[in-house]
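Student: The structure that follows is given in the form of structure tokens.
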Amino acid sequence: MRKNYFTIAFSALLWLGTTASQAEIQRWRVGDQGQPWSLSPVSGRLSWGRGWSVEVVTDDDGDGLIDEDGVEIIDNDGDALFNEDPVDSQVDSDGDGQLNEDPVDNIDNDSDGQVDEDPPEQFDNDLDGRIDEDGLDPQVDNDGDGKFSEDGRHTNGNDDYDLKTNEDPFDGGDNDGDGLTDEDGPRLADNAAKGVSTWLQPIYLDSTRNLATLINERYLDGEFGGVTADKNLLNPSMVVPSTFGYRNEPADPVSADQWQAASVTGRIDFGRMVDNDLSTSFGGRGDLLGGIDILLQGYYYIDRIAFRPRPTLPGATLSYHSITYGDSTTISNPAQFIQPWKTLRPPVEAQFIPVVKDYKLDPPVLMGRLDINATYLYGLYVETAEVGIFGDGFPTDASFTSEIIDVGPPTPRYRRYAQQMELYAESDSSKLTTQFPERAGQLVDWGKVRWKGRRLGPGDEGKVRIQFRVGNSPDTHVYARRLGPGLSDNRDNNGQQLTAFKWAKLTDGRIEELSLQYNELGQRLGADDVRGWSYWSAPFSFEEGLIDTTLPPEEWSTTGVPLPLPGGTRYLQFRLLFDSTQKSAASLDYLEFDYDVPLATGGVLAEIFPAQVPLGEDQSFHYYLRPVFGDGDGGSFNRIEIEVPDAGTRIQALRFDGQDWQPLDAGTGADPLAQVQPKRLAPAAGRTDSLGQFAQAVRVDSASGAARLLIKLPPMSAQHFRLGESLEIVFTSKLFRGSKQFTSAVWNDQNGTLGTTIPQPTEGGDATPEVATNDVNVVVEQITQPLSPVHLSANPFTPNGDGVNDQLKISFDLFLILEQVQVQIDIFDLSGRQVTQVGPVGHTAGTTEISWDGKDSSGNLLPPGLYLYHLKVGGTASSSTQTGTLSLVY
């Protein structure tokens with residue numbers, strides 16, 4: 001029996017639903033005002049929520065376009081810097097109210113007794129021999145709304161390359177007097193009233209976007225973790241959520257912890273190379289000083305690398321250097337750290353000219369780490385003022401994992417702390433529980449999921465896989481520490497159970513998440529007993545749950561795909577795995593899922609007998625259902641749906657409390673049971689209220705071919721199951737594969753259709769004392785061949801147009817086939833000449849029927865006589881065949 005459990009620590013959400021009640025679908029949306037896209041890690045050691053190689057972009061002006069009117073930024077002098085040599089501010093040097101009225105010409109131009117005292121200010125800020133050649137570029141109103149740069153790439157960094165951050169926020173004004181509107185403010189949050197929407201997508205690099213500066217700004221903003229609530233910079237090791245293999249990376253991509261110079265310098269020094277300020281630098285004398293090692297926080301296509309000293313010290317350029325890099329093939333063991341084992345530029349010696357080192361990579365190189373190594377060992381001072389790392393396109397390993405979302409309380413919430421969990425001191429564990437107290441919560445069933453998104457780039461090559469998992473425990477793993485070879489313990493030194501926080505703070509013996517025991521739902525593990533988590537679901541494709549925005553917005557919530565998740569749970573988490581190409585990706589505005597309170601809060605147990613049957617033979621099955629209603633459950637169900645392997649499945653008997661109920665005929669239409677109204681009947685003499693009526697039908701999904709047995713009853717509620725009664729459904733069916741899960745669900749069509757209510761899934765268990773399988777899985781006894789003998793509907797057959805036996809139906813069963821295969825029938829005359837071919841057509845496991853009208857390949861009726869057929873199933877390497885004769889007469 002299920003129970004309502006308690007949970008810890010979750011942030012309150014803005015809820016799309018209202019008060020929970022039976023048959024009322026509730027919804028939660030991620031990527032909106034209630035739960036915005038958040039990229040910083042909840043934990044660096046657990047997959048509890050974070051972004052990787054993704055960014056949040058914004059439709060700032062509500063026109064449905066993203067970043068369509070950003071700041072025009074051009075590298076006018078080709079030095080990989082932007083706006084570093086703008087038009088200089090002019091000064092009234094002699095205080096006469098005039099500017100530049102007495103230039104350098106040895107003449108007293110303004111007759112004030114002074115010569116050349118007020119010339120124009122003209123500085124070569126980057127010392128490249130040119131003056132004012134790279135400043136603010138002419139701006140274009142790209143969307144024609146009369147504003148400049150009001151809908152651009154707004155991050156929490158320096159968006160307009162003016163050495164200032166967030167100085168021109170989103171308020172409709174030009175706060176910094178540069179002629180631009182709202183071009184450099186903090187990233188906006190969703191605001192439906194103002195038409196502001198945020199979108200999640202992989203980072204896109206181009207010739208104007210310096211990845212080195214970008215990831216430095218993102219670290220300082222806390223998006224990689226390592227930043228405390230009071231803005232102290234730390235550098236914990238992080239587990240990278242990559243589909244390219246497990247690895248560790250530090251939170252700080254340019255931390256001094258990464259190389260030899262860590263002993264003599266600090267983070268503030270290294271940060272000067274990526275701060276977009278040409279007047280600051282990092283340098284020194286000796287090997288590695290003056291160079292930079294930078295983890296790119298993703299695998300990017302890099303096509304340009306440039307680095308230079310300060311303009312005032314051109315001789316300090318890295319005249320002796322090499323460039324190495326790392327990718328998914330250079331991850332070390334056992335540290336699982338990306339290493340720069342590949343050479344991009346072999347050692348260069350005594351290259352003082354050019355001062356600006358600028359390397360173009362054609363084609364771009366996919367990399368996740370870049371090391372620019374200063375290699376001079378003999379006391380020459382070298383430095384780097386700015387590093388430019390530019391790319392072309394999307395990263396290959398972008399992902400997003402949501403926080404753990406708890407929909408159990410009346411108002412849902414999600415697990416996120418004021419700072420990364422493991423940044424708290426060991427003595428601060430109470431701060432976590434104080435921030436997020438335990439709360440009671442209900443268990444729910446899951447409905448449909450949908451998302452609003454769009455494709456980026458040409459075609460539909462960029463894809464995203466979307467997966468879900470659910471649980472009824474706040475912990476996804478059983479936390480443990482290593483005691484020695486082959487020995488582990490899930491308790492601390494004091495014998496206390498290891499919590500997630502205690503485990504994360506272990507400095508010795510911590511078993512990493514990848515090797516921890518998963519807290520599997522239904523298994524007695526750790527301190528949770530049978531509570532736990534389902535495994536990640538099979539991935540949805542981007543198209544499966546994509547909202548059709550051509551529909552009226554009020555219809556969007558009726559679309560979506562069912563979540564294949566266990567009911568009777570309360571926590572949900574999803575992850576997005578972006579399978580981007582260099583030029584194509586996908587972007588999501590929000591993801592929304594449905595849930596509802598179960599009809600029977602204790603669950604509905606299901607059990608089938610027998611658990612082992614012959615392959616491809618009709619078998620009588622006994623299927624038992626027992627709902628466990630909790631105190632106060634006022635709901636009922638009148639529908640049962642069972643997944644079956646055969647569209648020919650039929651009910652032989654339906655019994656409640658041992659009494660046979662009477663069958664009714666089904667109707668027609670998409671739902672043949674919608675108009676049927678079974679009733680309760682008077683009890684038999686000497687019996688209680690156990691009689692009634694039922695109707696049945698089988699529905700086959702046109703896309704997947706999956707069959708479901710549909711059953712309708714009179715409404716069944718808690719009063720009918722007071723003494724633990726069960727329903728027994730006896731039906732005939734046959735298996736075409738090695739095993740079949742006869743999963744099922746119950747719902748009530750008086751509360752709405754399947755589009756407006758959420759069926760409650762059953763769970764395998766002890767539904768009756770009559771059998772002891774405690775499961776709904778059935779396996780076959782023996783596996784032989786994938787094809788049954790062929791059956792001909794009429795042999796001979798008479799295709800003469802009289803409506804009797806005009807077509808030959810060739811039927812057979814396909815076994816053990818997991819996906820669609822091609823089926824083809826070739827017809828030959830007795831001389832061996834092929835006269836026609838039927839197919840190929842795609843079929844899956846099950847009963848298959850193919851018709852032939854007696855005509856040849858040209859559409860002409862064949863003459864009477866004997867013919868040979870050759871049936872072929874599957875490809876050449878693994879095909880199955882059968883051959884036989886058929887007779888055609890008139």
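The values are calculated or read from the model by the stated rules, or taken from the named source; none is laboratory data. These numbers were taken from a predicted model, which means no experiment stands behind them. Note: ideal-geometry Cβ built from the backbone for every residue, glycine included; neighbour counts use all protein chains shown. These accessible areas exclude ligands, DNA and RNA; they are computed on the full protein's heavy atoms, side chains included. Shrake-Rupley method; radii C 1.70, N 1.55, O 1.52, S 1.80 Å.
Student: Residue check: is THR757 in a loop (DSSP other than H, G, I, E, B) and either open to solvent by 20 Å² or more (accessible area, probe 1.4 Å) or among the aromatic types (Phe, Trp, Tyr) (or both)?
Tutor: So THR757 does not fit the description; no.
Student: Right, here's the next one. Only strands (runs of 3 or more DSSP E) wholly contained in segment 1-98 count here; list those with 3 or more residues that are at pLDDT 90 or above and either open to solvent by less than 10 Å² (accessible area, probe 1.4 Å) or closer than 30 Å to GLN750 by Cα (or both).
Tutor: So the answer is 26-30.
Student: Please specify each residue of segment 100-116 satisfying the condition of being in contact with a strand residue (DSSP E or B) (Cβ under 9 Å, 6 or more places away or on another chain) and assigned to a loop (DSSP other than H, G, I, E, B).
Tutor: Selection gives ASN100, GLU101, PRO103, ASP108, ASN109, ASP110, ASP112, GLN114, VAL115, ASP116.
Student: Looking at (1) small (Gly, Ala, Ser); (2) closer than 23 Å to ASP589 by Cβ; (3) over 22 Å from the mean Cα position of the chain (by Cα), which is the only condition GLY545 fails?
Tutor: (3)
Student: Restricting attention to segment 491-518, which residues are open to solvent by less than 50 Å² (accessible area, probe 1.4 Å) and either touching a strand residue (DSSP E or B) at 6+ places or on another chain (Cβ under 8 Å) or of a type in the set (A, V, I, L, M) (or both)?
Tutor: Matches in segment 491-518: ASP492, LEU498, ALA500, TRP503, ALA504, LEU506, GLY509, ARG510, ILE511, GLU513, LEU516, TYR518.
Student: Taking the conditions exactly as written (buried (at least 19 other Cβ atoms within 10 Å of the Cβ) and more than 30 Å from LEU506 (Cβ to Cβ)), does THR208 satisfy them or not?
Tutor: So THR208 fails the test.
Student: For segment 632-717, which fully contained strands (runs of 3 or more DSSP E) count at least 3 residues that are modelled with pLDDT of 90 or more, surrounded by fewer than 17 Cβ atoms within 10 Å (Cβ to Cβ) and small (Gly, Ala, Ser)?
Tutor: Strands (runs of 3 or more DSSP E) meeting the threshold: none at all.
Student: Continuing with this model, one more query. Quick check: anything in segment 866-873 open to solvent by 60 Å² or more (accessible area, probe 1.4 Å), out of contact with any Gly (no Cβ under 8 Å at 6 or more places or on another chain) and either more than 30 Å from SER726 (Cβ to Cβ) or of a type in the set (D, E, K, R) (or both)?
Tutor: Yes, segment 866-873 has at least one match.
Student: Can you pull out every residue in segment 775-800 that is over 18 Å from HIS843 (Cβ atoms) and assigned to a strand (DSSP E or B)?
Tutor: ASN777, VAL778, VAL779, VAL780, PHE797
Student: Moving to a separate point now. Quickly run through segment 341-350 and pick out the residues that are in a strand (DSSP E or B) and surrounded by 11 or more Cβ atoms within 10 Å (Cβ to Cβ).
Tutor: LYS342, THR343, LEU344, ARG345, PRO347, VAL348
Residue by residue, here is whether (1) free of Cβ contacts under 8 Å to residues at least 24 places away in the same chain; (2) of a type in the set (A, V, I, L, M); (3) closer than 30 Å to ASP206 by Cβ holds:
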residue	(1), (2), (3)
ILE547	no, yes, yes
PHE593	no, no, no
ILE608	no, yes, no
ALA611	no, yes, no
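Student: Out of the residues in segment 722-740 that are at pLDDT below 90 and part of a strand (DSSP E or B), state the one that is surrounded by the fewest Cβ atoms within 10 Å (Cβ to Cβ).
Tutor: The qualifying residue surrounded by the fewest Cβ atoms within 10 Å (Cβ to Cβ) is SER739.
Student: Identify, please: which residue in segment 512-545 is among the polar types (S, T, N, Q) and without any contact (Cβ under 8 Å) to a residue 60 or more places away in the chain and is, among those, farthest from THR756 (Cα to Cα)?
Tutor: Selected residue: SER515.
Student: Find all pairs meeting these conditions: Cβ atoms under 7 angstrom apart; at least six residues apart or on different chains; first residue within segment 617-628 and assigned to a strand (DSSP E or B); second residue hydroxyl-bearing (Ser, Thr, Tyr) and buried (at least 19 other Cβ atoms within 10 Å of the Cβ).
Tutor: Partner pairs satisfying both residue conditions: GLN619/SER733; PHE621/SER733; TYR624/SER726; TYR624/THR768; LEU625/SER726; LEU625/THR762; ARG626/SER726; ARG626/THR768.
Student: Among the candidates SER726, SER744, single out the residue that is farther than 14 Å from GLU641 by Cα and of a type in the set (Ser, Thr, Tyr).
Tutor: Just one listed residue meets the conditions, SER726.
Student: Name the residue that is farthest from ASP548 (Cα to Cα), counting only residues in segment 440-449 that are small (Gly, Ala, Ser) and crowded, with 21+ Cβ neighbours inside 10 Å.
Tutor: GLY441
Student: Which residues, counting only those in segment 493-510, are in a strand (DSSP E or B) and modelled with pLDDT under 90?
Tutor: none
Student: Does segment 456-492 hold any residues that are assigned to a strand (DSSP E or B) and without any contact (Cβ under 8 Å) to a residue 12 or more places away in the chain, and which are they?
Tutor: GLY484, LEU487, ASP489, ARG491
Student: What are the residues in segment 430-439 that are open to solvent by 30 Å² or more (accessible area, probe 1.4 Å) and part of a loop (DSSP other than H, G, I, E, B), if any?
Tutor: PRO437, GLU438, listed by residue number.
Student: Considering only residues that are under 32 Å from the mean Cα position of the chain (by Cα) and modelled with pLDDT under 85, look in segment 754-784 and name the one that is farthest from GLY648 (Cα to Cα).
Tutor: Of everything passing the filter in segment 754-784, THR756 is farthest from GLY648 (Cα to Cα).
Student: Okay, next question. Given the criterion open to solvent by less than 30 Å² (accessible area, probe 1.4 Å) and over 19 Å from SER207 (Cα atoms), identify the matching residue among ILE353, ILE338, ILE331.
Tutor: Among ILE353, ILE338, ILE331, only ILE338 is open to solvent by less than 30 Å² (accessible area, probe 1.4 Å) and over 19 Å from SER207 (Cα atoms).
Student: Consider only pairs whose beta carbons are under 6 Å apart and that are at least six residues apart or on different chains; among these, list those whose first residue lies in segment 209-229 and is farther than 19 Å from ARG308 by Cα and at pLDDT 90 or above and whose second residue is among the acidic types (Asp, Glu) and open to solvent by 10 Å² or more (accessible area, probe 1.4 Å).
Tutor: none
Student: Restricted to segment 597-616, and to residues that are assigned to a strand (DSSP E or B) and surrounded by fewer than 21 Cβ atoms within 10 Å (Cβ to Cβ), which residue is modelled with the highest pLDDT?
Tutor: By that ranking, first place goes to PHE609.
Student: Are any residues in segment 386-429 open to solvent by less than 10 Å² (accessible area, probe 1.4 Å), aliphatic (A, V, I, L, M), assigned to a loop (DSSP other than H, G, I, E, B) and closer than 24 Å to GLY222 by Cα, and if so, which ones?
Tutor: Selection gives ALA398, ILE404.
Student: In addition: Within segment 574-587, is even one residue within 33 Å of the chain's Cα centre (by Cα), open to solvent by 40 Å² or more (accessible area, probe 1.4 Å) and among the acidic types (Asp, Glu)?
Tutor: Yes; the residues of segment 574-587 include at least one that is within 33 Å of the chain's Cα centre (by Cα), open to solvent by 40 Å² or more (accessible area, probe 1.4 Å) and among the acidic types (Asp, Glu).
Student: Right, another one. I'm trying to understand the selection: among the residues of segment 456-475, which are farther than 18 Å from ARG575 by Cα and not aliphatic (A, V, I, L, M)?
Tutor: Answer for segment 456-475, where residues must be farther than 18 Å from ARG575 by Cα and not aliphatic (A, V, I, L, M): GLY457, PRO458, GLY459, ASP460, GLU461, ASN472, SER473.
Student: Need pairs with beta-carbon distance below 8 Å; first residue aliphatic (A, V, I, L, M) and within segment 107-124, second modelled with pLDDT of 75 or more and in a strand (DSSP E or B); sequence gap 6+ or separate chains.
Tutor: Hits for this filter: VAL115/ASP102.
Student: Keeping to segment 704-724, report how many residues are more than 41 Å from the chain's Cα centre (by Cα) and aliphatic (A, V, I, L, M).
Tutor: Qualifying residue count for the region: 1.
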